Amino acid sequence: MKKIVSEEDLFLWVRQNNRKGFDYLYDQHSCFLYGIAIKAVGSQQYADEVVAMVFSKIWNSIRSDKTQSIPLKLWMIQVLFCTIKEFLDSKGIAYVFSINQFPEFGFELTEKNL
């Protein structure tokens, strides 16, 4: 049986370069982030790339956040959305991002390069 870890402890572990903490974070949240990514980019290959970029950003930037001002999962979603936008821009794929019916969101790809 896996031990349940609080978001605060998980945040501190990853912030302290604890690889096991990061692996736990990945195990707990990668499927969730992948589901959002695939909905946004419409391609398994692109979603894989986006999620890899997100976890790289998390690993490299979490130490610069001295306090956990928002819940960890919400922060990871913010990182994901920014990464999706950067990724689509880098591929030259036009999109419209919509949160008109929050918490539902949409990345409508207006140019299919998939």
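Every number here is computed from the coordinates shown, using simple stated rules; none is lab data. In this text, all values refer to a predicted model and were calculated from it rather than measured experimentally. So basically every Cβ, Gly included, is an ideal-geometry build from the backbone, and we count neighbours across all protein chains shown.
Do we have any residue at all in the stretch 48-71 that's within 21 Å of Phe105 (Cα to Cα), exposed (fewer than 13 other Cβ atoms within 10 Å of the Cβ) and touching a residue at least 60 places away in the same chain (Cβ under 8 Å)?
Scanning the stretch 48-71, I find at least one residue that is within 21 Å of Phe105 (Cα to Cα), exposed (fewer than 13 other Cβ atoms within 10 Å of the Cβ) and touching a residue at least 60 places away in the same chain (Cβ under 8 Å), so the answer is yes.
Against the conditions (1) under 20 Å from Val96 (Cα atoms); (2) surrounded by 15 or more Cβ atoms within 10 Å (Cβ to Cβ), where does Gly35 fall short? Just the number, please.
Exception for Gly35: condition (2).
Testing Glu86 on (1) under 11 Å from the mean Cα position of the chain (by Cα); (2) of a type outside the set (Gly, Ala, Ser); (3) within 20 Å of Ser98 (Cα to Cα), one condition comes back false. Which one is that?
Status for Glu86: all satisfied but (1).
Find all pairs meeting these conditions: Cβ atoms under 6 angstrom apart; at least six residues apart or on different chains; first residue within the stretch 12-23 and under 11 Å from Trp59 (Cα atoms); second residue surrounded by fewer than 14 Cβ atoms within 10 Å (Cβ to Cβ) and of a type in the set (Lys, Arg).
Close Cβ pairs (under 6 Å, with a partner that is surrounded by fewer than 14 Cβ atoms within 10 Å (Cβ to Cβ) and of a type in the set (Lys, Arg)) amount to Arg15/Arg63.
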